[in-house]
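The next block holds one structure in the form of structure tokens; read it before the comments.
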Amino acid sequence: MARRGAGTPFLRQLSLLLLLHLGGTLGCASVTVSPRIVPLGSAVTASCTIQRELCHGLEQGKVQISWMLDNKLVAGSQRQGPGGTEVSNLTLPRFNHTQARLFCCVEWNGTRQRVGMAEIRAGYPPAKPLNLSCVLNLSDYGLTCRWEQGTHSHLPTSFVLKCTGSGARAVTGCTPRGGHSHCTVPRRLLQLYRQMEIWVSATNALGTAESEHLCIDPMDVAKLDPPTLQSIQSIPFQTDCIALAWDVAWGTEHMELQCELRYRAPEDPAWALVTGIIGQAGSAQRCGFLFGTQYRFQMRCRRSSASALASWSEWSPGRNYTTHEKAPTGKLDAWWGAQPAGPGGRLEVQLRWKAPRQREANGRVLGYRVTLGPRRRGRDPPTICNTTHTQCNFSVPAATRRVYLSAYNAAGESAPTEVILLERKGQPLAGLRAVPGGERSLWVHWEAPLAPAIAYVLEWQRVTAEPGHCSACWQMERDGTATTALIQDGIEPFQRYNISLYPLYEGTVGVPVHTTAYSQQKAPSHAPKLHLKRISKSEAELCWEPLPVEVQNGFITSYTIFWASSITGTASATLNPSLSSFAIRGLKPSTLYKVHIMASTAAGSTNGTSLTLVTTVLDDTEIQLLFLSLGLVFAGLMVLLICFQKNERMKEQLWPSVPDPANSSLGKWVPAAVPQVRAGG
């Protein structure tokens, strides 16, 4: 009975709370908000009216009304209304939420109970739809239009595509579904071959916005199927021209079509575009193609009478075609080295050349030929080299001053390039320097020579521990007035290159000048290993092997030696990179030191492993004096000992003889044995 009586007040309070909550839901409180949808940041006013007779449990006593915006308490005013009602008013001067719930609450039994609620939304009027475009599908003649919605308004916004013909009223063409920004106007609402006005209307609770109106003939924006390229062939007598033939797409034979052709070779950075092609012609010619080159061709079309808004068809499937070859043209860039080949009066020649560019190769080069003379009608000169490479070593008579180089492909051979084997004794250049041009390139600069140059030849070789030779690492600058050149072939970062520059004069070659450079530097891969060469009580001499050039990763600017002990702390010395040894002075005797070396470039530093050493107690000279002193002392002692052994008088003075008591006269009368007395008893 006690437990039952104790639970009765709780049940009464719970039932009263439920009645209060249900009363609020069913009409205990009335909440009005004006307006419920507002521009973001504007003011909102609200009112809450409590009717006592409908709120069970609140018929007696004072009613205290409060407000909550979501979970935040906000202050309002309260007054007594007509008919015994309690009224509270609230003003929110700046409503900065896009969506929130406003609750009207009453205080009951020490708790705040929600008895009414209103939802408030805020945002912006709809933004103007942008970039409206339409395409007519010829399969069902539906007009599909797309647009961009613009800035989000934070409010539910509906979009409608509207259209109207000449003299007709506007109708709803279509409504997008699922929040998409596109829809399709059916054929029955379209007027083909006539101008129509089309636009998008966006509407929310704060207003309406329209896109720019699009005035088009639906047929002008018809999406045509692409044409089909049927054949491509070279025109025999116009060697750089080709003829193309195509078929227009099915269903477009009756239309006047405007087409475009595009083509490119594999190495071309972009497509070449040909415009103004009449689609119904079915064929066209185009010139200016390279010989022996593979091209890829594509076409697309649209209606000729279409406006600028008309849609092009997709590009047709690509078709490849390789133009026919022609004998190579132009001169070959060649460079040589020559030296006597012994007493036989021969000259050993190392000839190098650059492969012709595609525009001059006119196809695939099959090989190169070096002869002692130019070709003449009915007579071929002796061939001294026939190779597929871009270099050749051969021996010629010492008096030879000219050889002739030509390239050939399946269509023929180029005119020979005359190579004059000039002596290298001309004036050298001045001011040669090289700076990075990028991670894989170098800019080379030099001063213009006093005598006019015809051209320049640049050579470069990677510096390695094992000497090598790159036969392709050279280039010719044909401009004799140039003072700069960019090297891009075969340049790698963190590698050192030797660069040589030869000026070519009329009738001679200048003596080369040289420099070294990196395209990019970084810290060395590792530092040298220290070795202890000599140590004393106050000095330690260290040595190391210079770093191999492959791991330097840049020009070594300095070496830094660091040494430290628990007594003196850390000290260092920065050394010239040409040094390979160093003596640390001023060390403490009998002290342990840790030493390491740091190798530096302009781009960073790398520390080596630590070397532990212990200084001696004495220097070498002190040790020698100590041993000498000990030797002298020992020698003196030995001399004294010998002297003592030989001089009996001195021996008696230092070690006098002591008499033996057993042999004394007293010892003779003492009895040999004393009888023992036996105790009585």
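The values are calculated or read from the model by the stated rules, or taken from the named source; none is laboratory data. All of these numbers come straight from a predicted model, not from anything done at the bench. Please note: Cβ atoms are built from the backbone with ideal geometry, for glycine as well, and neighbour counts cover all protein chains shown. We work out accessible area using only protein heavy atoms, side chains counted, and drop any ligands, DNA or RNA first. Shrake-Rupley method; radii C 1.70, N 1.55, O 1.52, S 1.80 Å.
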### Summary
Screening Ser211, Ser181 for residues that are modelled with pLDDT of 90 or more, touching an Asp or Glu at 6+ places or on another chain (Cβ under 7 Å) and in the same structural domain as Leu143 (by the TED database) leaves only Ser181
### Failed criterion for Tyr456 (all others in (1) hydroxyl-bearing (Ser, Thr, Tyr); (2) open to solvent by 20 Å² or more (accessible area, probe 1.4 Å); (3) part of a strand (DSSP E or B) hold)
(2)
### Query
Only one residue in Leu143, Leu161, Leu130 is touching a residue at least 12 places away in the same chain (Cβ under 8 Å) and either over 21 Å from Asp220 (Cα atoms) or touching a helix residue (DSSP H, G or I) at 6+ places or on another chain (Cβ under 9 Å) (or both). Which one?
Leu143
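So, in the range 474-487, of the ones that are under 15 Å from Ala334 (Cβ atoms) and not basic (Lys, Arg), which residue ends up least open to solvent (accessible area, probe 1.4 Å)? Explain how you work it out, then say what you get.
Residues of the range 474-487 under 15 Å from Ala334 (Cβ atoms): 474-478.
Now restrict to residues that are not basic (Lys, Arg): 474-477.
On the way: Trp474: 2, Gln475: 28, Met476: 32, Glu477: 47 Å².
Looking at residues that are under 15 Å from Ala334 (Cβ atoms) and not basic (Lys, Arg), I get Trp474.
Going residue by residue through the range 215-228, is there one that turns out to be among the aliphatic types (A, V, I, L, M) and at pLDDT 90 or above? Let's see the steps before the verdict.
Step one: list which residues in the range 215-228 are among the aliphatic types (A, V, I, L, M), which gives 216, 219, 221-222, 224.
Imposing the further condition that a residue be at pLDDT 90 or above reduces the set to none.
There is no residue in the range 215-228 that is among the aliphatic types (A, V, I, L, M) and at pLDDT 90 or above.
Residues to consider are Ser536, Ser500, Ser471, Ser572; find the one that is in contact with a Ser or Thr (Cβ under 7 Å, 6 or more places away or on another chain) and either under 30 Å from Asn393 (Cβ atoms) or surrounded by 14 or more Cβ atoms within 10 Å (Cβ to Cβ) (or both).
After applying the criteria, what remains is Ser536.
State the number of residues belonging to the range 584-605 that are farther than 19 Å from His526 by Cβ and open to solvent by 20 Å² or more (accessible area, probe 1.4 Å). Steps first, please.
Going through the range 584-605, the residues farther than 19 Å from His526 by Cβ turn out to be 584-593.
Filter once more, keeping what is open to solvent by 20 Å² or more (accessible area, probe 1.4 Å): 585-586, 588-590, 592.
The number of residues fulfilling the criteria is 6.
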### Message
Could you go through the range 331-351 and let me know if any residue there is farther than 30 Å from Phe291 by Cβ and among the basic types (Lys, Arg).
### Response
yes
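Name the single residue that is modelled with the lowest pLDDT among those in the range 279-333 being of a type in the set (Ser, Thr, Tyr) and farther than 30 Å from Lys354 by Cβ.
Result: Ser307.
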### Task
Scan the range 361-392 for residues that are touching a Lys or Arg at 6+ places or on another chain (Cβ under 8 Å), among the polar types (S, T, N, Q) and closer than 19 Å to Ala411 by Cα and jot them down.
Asn362, Asn386
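For the range 371-381, check the following and say yes or no: at least one residue is within 30 Å of Gln298 (Cα to Cα) and surrounded by 14 or more Cβ atoms within 10 Å (Cβ to Cβ).
First, pick out the residues of the range 371-381 that are within 30 Å of Gln298 (Cα to Cα): none.
No, because not a single residue in the range 371-381 is within 30 Å of Gln298 (Cα to Cα) and surrounded by 14 or more Cβ atoms within 10 Å (Cβ to Cβ).
Across the range 503-533, which residue is most open to solvent (accessible area, probe 1.4 Å) among those that are aliphatic (A, V, I, L, M) and closer than 21 Å to Ala485 by Cβ?
Going residue by residue through the range 503-533, those that are aliphatic (A, V, I, L, M) are 504, 509, 511, 513, 517, 523, 527, 530, 532.
Narrowing further to those that are closer than 21 Å to Ala485 by Cβ: 504, 509, 511, 513, 517.
On the way: Leu504: 24, Val509: 0, Val511: 59, Val513: 27, Ala517: 2 Å².
Result: Val511.
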## Note on the structure
Over the range 417-450, the set of residues outside any strand (DSSP E or B) and open to solvent by less than 40 Å² (accessible area, probe 1.4 Å) is Leu421, Leu429, Pro449
### Query
If you take the residues in the range 181-198 that are open to solvent by less than 40 Å² (accessible area, probe 1.4 Å) and not in a strand (DSSP E or B), which one is farthest from Leu143 (Cα to Cα)?
Ser181
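Of everything in the range 322-342, what is assigned to a strand (DSSP E or B) and open to solvent by less than 50 Å² (accessible area, probe 1.4 Å)? Give them in sequence order.
Of everything in the range 322-342, those that are assigned to a strand (DSSP E or B) and open to solvent by less than 50 Å² (accessible area, probe 1.4 Å) turn out to be Ala334, Trp335, Trp336, Gly337.
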### Task
Would you check if there is a residue in the range 588-598 being touching a Lys or Arg at 6+ places or on another chain (Cβ under 6 Å) and more than 22 Å from Tyr518 (Cβ to Cβ)?
yes
### Residues (farther than 21 Å from Leu442 by Cβ, touching a Pro at 6+ places or on another chain (Cβ under 9 Å) and not hydroxyl-bearing (Ser, Thr, Tyr)) located in the range 512-544
Pro528, Lys537, Trp544
### Message
Any residue in the range 383-406 that is assigned by the TED database to the domain that holds Gly344 sitting within a Cβ distance under 6 Å of a residue that is open to solvent by 20 Å² or more (accessible area, probe 1.4 Å) and β-branched (Val, Ile, Thr)? List the pairs, counting only those 6 or more apart or interchain.
### Response
Phe394/Ile384; Arg402/Ile420
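Out of Ala100, Ala75, which single residue is among the aliphatic types (A, V, I, L, M), within 26 Å of Glu53 (Cα to Cα) and not assigned by the TED database to the domain that holds Thr151? First the steps, then the outcome.
Details: Ala100 fails: within 26 Å of Glu53 (Cα to Cα).
One residue alone meets the criteria, Ala75.
In the set Cys145, Cys163, which member is within 43 Å of the chain's Cα centre (by Cα) and open to solvent by less than 50 Å² (accessible area, probe 1.4 Å)?
Working: Cys163 fails: within 43 Å of the chain's Cα centre (by Cα).
Every option except Cys145 fails the conditions.
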### Task
Given the conditions (1) open to solvent by 40 Å² or more (accessible area, probe 1.4 Å); (2) touching a strand residue (DSSP E or B) at 6+ places or on another chain (Cβ under 6 Å), report the number of the one that Pro397 does not fulfil.
(2)
### Query
From the residues in the range 343-360 that are in contact (Cβ under 8 Å) with a residue 60 or more places away in the chain and in a helix (DSSP H, G or I), which one is surrounded by the fewest Cβ atoms within 10 Å (Cβ to Cβ)?
Arg359
